[in-house]
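Structure record follows, encoded as structure tokens.
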Amino acid sequence: MLLFFAALPARTQAPITYNGKLDGRLHIDPRSPKIRAWDQVTANDGTKLGISVKSGDRIFKGTFELTDDFPELADSPFGYMAAVVQSADGTDALYADLNRDGRFEENERFQFQPVYIGYPGYKAMKSHVGLELPLTSGPYRSSPIEVALFKPGAQVFWPVASNQMPLMYSADYFVEGSAQLPDRLLLMRFAYDFKQNAIDLEHGAEWADVNGDGKIDLTTGSPEILTFRNHSFLFRVGKLVLSTKTVDPATNTFVLRSVPPAEYSGIDLLVGSTLPDFAYTDLGGMTHHLSEIKAKVLLLDFWATWCHGCVADLPSKLEFYQKFHDRGFEILGMNGDRAAMLAPENPYKSPQELLDKMHIAWPEARFDHELFDNKLHINNWPTLVLIDADRKILSTGQDELPLHGESLGKTLETLLPVR
């Protein structure tokens with residue numbers, strides 16, 4: 001007797017959700033501040049604005065803007081008129097029109113304090129001050145802001161006129177909270193969008209404490225920086241692969257959901273792991289594979305013409321390329337110039353123009369959104385990754401094998417000594 005069984009559809013496991021709670025306030029993201037040059041105004045202008053002016057004071061007026069609008073406007077929903085007063089006795093004060101009445105009150109004056117070691121860019125900064133800006137819309141009543149002044153003569157990346165003052169202030173913000181997973185709490189951060197008064201889960205940045213140490217690792221190649229992952233920001237925590245389902249600042253809640261592990265396509269740049277082979281397209285349009293490059297030591301250099309630090313580092317890379325190439329050293333440039341970033345202020349019409357000018361001839365990959373953003377999760381410029389002949393990651397420049405500037409030469413001398 002023959003028995004026939006109808007094929008039953010495979011049962012798919014429903015996603016598991018994990019509820020999270022936000023801490024109910026905005027936090028400053030210190031990695032990407034705005035740098036602006038404010039124009040000097042007269043003492044008479046300062047007096048009209050409510051500033052107590054003393055002999056020898058220099059007054060510089062500008063605007064804080066919590067969104068990405070440019071130019072900054074004090075009458076925009078998130079704009080605040082402000083001024084910096086440099087006194088003859090060497091002290092500096094910040095005035096911020098918190099109530100937006102067009103004048104500065106005495107309680108809107110804040111004294112600058114010296115920066116401390118560890119403050120973002122502290123070697124170039126002279127002083128800083130923190131305050132809260134009141135908000136008139138959205139789920140939060142106020143937003144923190146940090147303002148810092150540069151030391152005299154510090155490099156600001158563009159010329160500043162004698163009647164201007166360069167300064168740096170907070171530009172990006174996030175909300176923070178934790179969700180209970182089966183074995184531990186998971187710390188999460190989500191970039192906050194002032195224009196929408198919400199979290200943009202499609203384009204905004206996210207961070208996750210995947211290793212469970214209670215903080216977010218912001219070093220190059222960290223799997224805890226989820227920025228630019230456009231596949232619903234998939235990330236791995238132990239055996240779980242998760243994505244964010246919802247974030248609601250109005251109720252201070254968020255929800256994570258489980259994802260089948262097979263859907264995770266990210267490549268985590270961790271020292272000791274093996275970098276899988278990948279295809280890339282060179283600047284001339286030809287397709288190649290990483291495995292085709294035969295070298296004892298290969299440096300993946302994620303750079304762009306709009307990245308000042310990247311361009312400044314090219315001469316030393318060229319020097320060490322010429323010195324160590326015969327010993328087995330190679331560089332694969334991973335160029336991040338998206339078309340929108342090449343105009344109008346960029347001095348180079350193409351990355352090839354800069355490479356030709358510097359007589360750089362090592363292999364070069366052009367920008368690939370899927371590879372750079374979705375797979376490798378490149379979020380810092382420059383990012384440097386050093387691998388061996390078996391594609392094992394030796395360094396990302398954050399450990400005992402430094403890769404930036406003159407340190408690259410010492411690292412290569414260690415790995416490729418003269419025989």
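Tally Lys/Arg at +1 and Asp/Glu at -1 over every other residue whose Cβ is under 15 Å from the Cβ of Ala161; what's the total?
+2
With unit charges on the beta carbons (Lys and Arg positive, Asp and Glu negative) and the dipole taken about the Cα centre of segment 342-419, which residue among Pro417, Pro347, Asn380 sits farthest to the positive side?
Selected residue: Pro417.
Could you work out how far the C-alpha centroid of segment 138-191 sits from that of segment 342-419, in angstrom?
For segment 138-191 versus segment 342-419, the Cα centre distance is 27 Å.
Calculate the translational D of segment 149-203 in whole µm² s⁻¹ from Stokes-Einstein, where the hydrodynamic radius comes from the Kirkwood formula applied to all Cα pairs, the temperature is 25 °C and the viscosity 0.890 mPa s.
161 µm²/s
Using only alpha carbon pairs under 8 Å that are at least six residues apart, calculate the relative contact order of segment 174-262 and give it in whole percent.
19 percent
What angle, in degrees between 0 and 90 and rounded to the nearest 10, separates the Cα long axis of helix 308-324 from the longest principal axis of the Cα atoms of the chain?
Taking Cα atoms only, the helix is inclined about 40 degrees.
Arrange Trp381, Trp303 by Cβ neighbour counts within 10 Å, fewest through most, would you?
Ranking Trp381, Trp303 by Cβ neighbours within 10 Å, fewest first, gives Trp381, Trp303.
Only counting other Cβ atoms within 10 Å, I'd like Asp368, Asp356, Asp97 sorted with the fewest neighbours first.
Asp356, Asp368, Asp97
List the aspartates and glutamates whose alpha-carbon lies under 18 Å from that of Lys294, not counting same-chain residues fewer than 8 positions away?
Straight-line reach from Lys294, under 18 Å: Asp277, Asp282, Asp326, Glu330, Glu364, Asp388, Asp390.
Non-local amide H neighbours of Ser395 (under 5 Å, H modeled in plane, Pro and chain starts lacking H): which ones?
Leu386
Amide H neighbours of Ser142 under 5 Å, at least 5 residues apart or on other chains, H built in the peptide plane: list them.
So Ser142 has HN proximity to Leu135.
Let me have the 222 nm mean residue ellipticity of the chain computed from DSSP H runs of 4+ only, each contributing -39500 (n - 2.57), with the sum over all residues rounded to the nearest 500.
After summing the helix terms and dividing by the residues of the chain, the value is -2500 deg cm²/dmol.
How much of the pair distance distribution for segment 192-283 lies past 24 Å, counting alpha-carbon pairs only, in percent?
Roughly 27 percent, once rounded to a whole number.
Picking from Ser55, Ser170, Ser265, which is most flexible by a Gaussian network model of the chain using Cα springs under 10 Å?
Ser55
Report the normalised scattering of segment 33-170 as log10 I(q)/I(0) at q = 0.10, 0.11, 0.12 Å⁻¹, calculated by the Debye formula with identical scatterers on the alpha carbons.
Values, matching the q order: -0.31, -0.38, -0.46.
Label Tyr264 and Ser142 with points 7 Å out from Cα along Cα→Cβ: what is the distance between them in nm?
4.0 nm
Relative to the compact-globule scaling 2.2 N^0.38 Å, provide the ratio for the alpha-carbon radius of gyration of the chain.
1.16
For Arg257 paired with Asp101, estimate the spin-label separation in nm (one decimal), with each label point 7 Å from Cα along the Cα-to-Cβ line.
Inter-label distance under the simple model: 5.0 nm.
Report, in listed order, any pair from Lys34/Lys349; Lys215/Lys317; Lys296/Lys349; Lys21/Lys195 with a Cα-Cα distance greater than 30 Å.
Lys215/Lys317; Lys296/Lys349
Can you give me the Rg/Rh ratio for segment 90-204, using Cα atoms for both radii and the Kirkwood formula for Rh?
1.05
Quick one: Karplus J couplings for segment 327-333, per residue in order, coefficients 6.51, -1.76, 1.60, θ = phi - 60°, nearest Hz, x for Gly and Pro?
Calculated HN-Hα couplings, in order: 8, x, 8, 9, 10, 10, x Hz.
If you take the beta carbon distance between Val53 and Arg25 as r and set R0 to 45 Å, what does 1/(1 + (r/R0)^6) give as a FRET efficiency, to the nearest 0.05?
After rounding to 0.05, the efficiency reads 0.80.
Lys/Arg Cβ at +1, Asp/Glu Cβ at -1, dipole of the chain taken about the Cα centre: which of Val115, Pro77, Pro261 is farthest positive-ward?
Comparing the listed Cα positions along the dipole, Pro261 ranks first.
Among Arg419, Arg25, Arg189, which comes first, second and so on when ranked by fewest other beta-carbon atoms within 10 Å?
Arranged by neighbour count, lowest to highest, Arg419, Arg25, Arg189 become Arg419, Arg25, Arg189.
In nanometres, what is the gap between the two model label sites at Lys245 and Gln155, each 7 Å from Cα along Cα-to-Cβ?
A separation of 4.9 nm, rounded to one decimal place.
When the Kirkwood radius is taken over all Cα pairs of segment 297-419, what Stokes-Einstein diffusion coefficient follows at 25 °C and 0.890 mPa s, in µm²/s?
Approximately 164 µm²/s, per Stokes-Einstein.
Compute, for segment 135-292, the length of the dipole vector about the Cα centre, with Cβ point charges of +1 (Lys, Arg) and -1 (Asp, Glu) only. Units Debye, rounded to 20.
Here segment 135-292 has a charge dipole of around 420 debye.
Which net charge results for the neighbourhood of Ala148, defined as the other residues with beta-carbon distances under 13 angstrom from its beta-carbon, given Lys and Arg at +1 and Asp and Glu at -1?
+3
Please turn the phi angles of segment 388-400 into ³J(HN,Hα) values with the Karplus equation 6.51 cos²θ - 1.76 cosθ + 1.60 (θ = phi - 60°), one per residue in order, whole Hz, x for glycine and proline.
Per residue, the Karplus-derived 3J(HN,Hα) values read 9, 5, 9, 6, 6, 6, 8, 6, 10, x, 10, 10, 6 Hz.
For the charge dipole of segment 33-170, defined by +1 on Lys and Arg C-beta atoms and -1 on Asp and Glu C-beta atoms about the Cα centroid, which residue among Phe150, Ile51, Leu131 has the Cα displaced farthest towards the positive pole?
Phe150
Net charge around Asn19, counting only other residues with Cβ within less than 13 Å of its Cβ (Lys, Arg = +1; Asp, Glu = -1)?
In short, +2.
Here, each number is a calculation from the coordinates, and none is a lab measurement. These figures come from a predicted structure and were not determined experimentally. Cβ coordinates were reconstructed from backbone atoms using ideal geometry, including for glycine residues, and neighbour counts include every protein chain displayed.
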